[in-house]
Amino acid sequence: MTGRLIGTIALLAATAQPATAQREIAERFAAVADGYVRVQNIAGSVKVIGWDRDSIAVSGTVYDTPAERFEVQGGDGAVKLGLWDTSVERAEPSHIEVRLPARSRVWIRTGSAAIHVSNVTGGLDVNSVGGDIEVRGEPREVFVESMTGRVTLDVRTAVGRAKTVTGAILMRGAIADATATSVSGNVLIEDATIERGSFESVDGELRFVGQLRRGSSLDFVTHAGAVEFLLPAATDAEFRFSTYEGGLRSEFGAQVRTTISKIKGSEQSFILGQGGARVNIRTFRGRAIVRSR
Amino acid sequence: MKSHLDEQQLNDCADDTLDPADRGRAEAHLAACDACRAAIDRLRQLRSELASLPRSITPPPHVLMGVRAMALAAPALHPERRWYTRPPLLAAAAVLLVVISSATTALLLRQPSGVGTGATAPPPTLSTGSAGLVAVHAMERSYEDAIAEVQRALREQQSSLAPETLHVLQANLDIVDRALAEARSALRADPGNDALTALVRSGYERKLDVLRSATSHARARS
């Protein structure tokens, strides 16, 4: 009888973990308030939520593979969790939700998995090959990069960096020092308060919608993308636009001073209201338009 | 690069302030060196922790960059001149750099395989010796060298990237290369144009960004 029971348990154990197994996870353990947490997942999704507790709770549905089981490693000040089996041809989607102390410093990496982060007040470093990335909250600083996925930063932070190859970038909130760069993705800065900003593309559009903060300094550089501003009628800003083949159109009616270079290209400048914000636009052939809303 | 990165290079890597010429070599080394990558991770963690200090005592980045620029622009602030900054050696190094860089570019152009190789035409031959032209030429050579280094590192590991990712990568490198070719051609016709110089620099930065990003992802999946 005992032998049969052991045999049954052994059989159940063997069949419980097939070569590629989907399973539910639900783990919770103590964590320091400002520890370092690494999360990785190839496909599916990663959701990270900061909370006001000194513990980490992990839940979701994951696919184990012959080479790797989802697991949590480390403890105290540094925790690593997730799946990163690159030996499989195409990873099954795993959906991981992590609740962690809000002050944690978080590093996330995915292949195609989408990433959502909210309410983390520690530093964030988020990378994906093709997953969309969305960060909300007040991280201390945030570095985000996706080659082909879309990036959304809706944050209040000292430093915000977003980088894509083809993915669109959206920035909102309040970012003291903001940088967004893309090759062919469009960059939209919407209702964002930015002190220093640098926004670059090769042929993606650069668009600023909202109010220019007095004393702020923003640079827009693109080769062939359009640069567009949609600003309140009462805007105080000084614009400088230099281009090789592009053009500038302002619907504000400000007097535009134009300087044509000796060989080719032109530099134009104008002031809206009392000045105050400085906006530098540089294009090769991209056109710039400044509109009033 | 066989030896480990020194302290200065590690810090520059962590701060992303490495000169373009050194950056490629550093990337190539980092692709194969866990110790240096770990050291950079520690430095970045330190930087992250430093960022939490009160902002009133933390100069903004543009001030630091300004100070750095002024320091670099003021030889009097560097009484202990390094041996490799002496004019004769500098001139010899410049000649050597041009020769090596040209050979590297030619070599790369002959290698059709691999993402991003050979798409950028070699920098234009400059006919005059003005300081501006020399500076632009040096900048282009530096970037070309850095790009060649990263391309080499990427070629070794790009098989770990999905075909669709490689396709997107190549398509966007082509976009950057076309933009660079246009900007460089215009700069050749108007070498004193600071705006064009900035656009060329921006194009090279984007290309390095894309290649570095792809290399990083390829390394992670290999």
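Computed quantities for the displayed model
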item	result
Check on A:THR259, free of Cβ contacts under 8 Å to residues at least 60 places away in the same chain and either touching a Cys at 6+ places or on another chain (Cβ under 8 Å) or over 22 Å from B:VAL200 (Cα atoms) (or both)	no
Qualifying residue in region A:30-50 (condition: of a type in the set (D, E, K, R) and farther than 19 Å from A:VAL135 by Cα)	no
Extreme residue, farthest from the other protein chains (Cβ to nearest Cβ), among residues of region A:195-213 that are more than 16 Å from A:ARG172 (Cβ to Cβ) and in a loop (DSSP other than H, G, I, E, B)	A:GLU205
Test for A:VAL227: is it among the aliphatic types (A, V, I, L, M) and touching a Phe, Trp or Tyr at 6+ places or on another chain (Cβ under 8 Å)	yes
Among the candidates A:PHE241, A:PHE252, A:PHE229, A:PHE270, residue that is among the hydrophobic types (A, V, I, L, M, F, W, C), modelled with pLDDT under 95 and in contact with a Lys or Arg (Cβ under 7 Å, 6 or more places away or on another chain)	A:PHE270
Some residue of region A:38-56 being over 29 Å from A:GLY173 (Cα atoms) and either without any contact (Cβ under 8 Å) to a residue 40 or more places away in the chain or assigned to a strand (DSSP E or B) (or both)	no
Residues within region A:158-175 that are in contact with a Lys or Arg (Cβ under 7 Å, 6 or more places away or on another chain), within 13 Å of chain B (Cβ to nearest Cβ) and assigned to a strand (DSSP E or B), tallied	1
Search result, residues across region B:21-36 that are surrounded by fewer than 19 Cβ atoms within 10 Å (Cβ to Cβ) and of a type in the set (Asp, Glu)	B:ASP34
Selected residue (criterion: farthest from the other protein chains (Cβ to nearest Cβ)) from residues of region A:72-88 that are modelled with pLDDT under 90 and in contact with a strand residue (DSSP E or B) (Cβ under 7 Å, 6 or more places away or on another chain)	A:GLY74
Residue check for A:ALA192: at pLDDT 95 or above, small (Gly, Ala, Ser), in a strand (DSSP E or B) and over 18 Å from B:SER213 (Cα atoms)	yes
Residue identified as more than 10 Å from the chain's Cα centre (by Cα), at pLDDT below 95 and not small (Gly, Ala, Ser) among A:GLU97, A:GLU92, A:GLU141	A:GLU92
Elements of type strands (runs of 3 or more DSSP E) in region A:241-289, at least 3 residues being surrounded by 19 or more Cβ atoms within 10 Å (Cβ to Cβ)	A:266-272, A:277-283
Residues being assigned to a helix (DSSP H, G or I) and either without any contact (Cβ under 8 Å) to a residue 60 or more places away in the chain or touching a Phe, Trp or Tyr at 6+ places or on another chain (Cβ under 8 Å) (or both) - total across region B:188-200	6
Set A:ALA57, A:ALA102, A:ALA67, A:ALA91: member being surrounded by fewer than 17 Cβ atoms within 10 Å (Cβ to Cβ) and within 14 Å of another protein chain (Cβ to nearest Cβ)	A:ALA67
Out of B:ARG44, B:ARG25, sole residue that is modelled with pLDDT of 50 or more, of a type in the set (Lys, Arg) and within 30 Å of A:THR157 (Cα to Cα)	B:ARG44
Scope region B:182-213; condition more than 7 Å from every other protein chain (Cβ to nearest Cβ) and of a type in the set (Gly, Ala, Ser); matching residues	B:SER185, B:GLY192
Verdict on A:THR181 being among the hydroxyl-bearing types (Ser, Thr, Tyr) and within 14 Å of chain B (Cβ to nearest Cβ)	yes
Any hit, region B:156-175, residues being assigned to a helix (DSSP H, G or I), more than 11 Å from chain A (Cβ to nearest Cβ) and either among the small types (Gly, Ala, Ser) or touching a Lys or Arg at 6+ places or on another chain (Cβ under 7 Å) (or both)	yes
Subset of region B:1-20 [surrounded by fewer than 18 Cβ atoms within 10 Å (Cβ to Cβ), in contact with a Lys or Arg (Cβ under 8 Å, 6 or more places away or on another chain) and not in a loop (DSSP other than H, G, I, E, B)]	B:ASP15
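The values are calculated or read from the model by the stated rules, or taken from the named source; none is laboratory data. The shown structure was predicted, so the numbers you read here are calculated from the model rather than taken from an experiment. For neighbour counting, all protein chains shown are included, and Cβ atoms are generated from backbone atoms with ideal geometry for every residue, glycine included.
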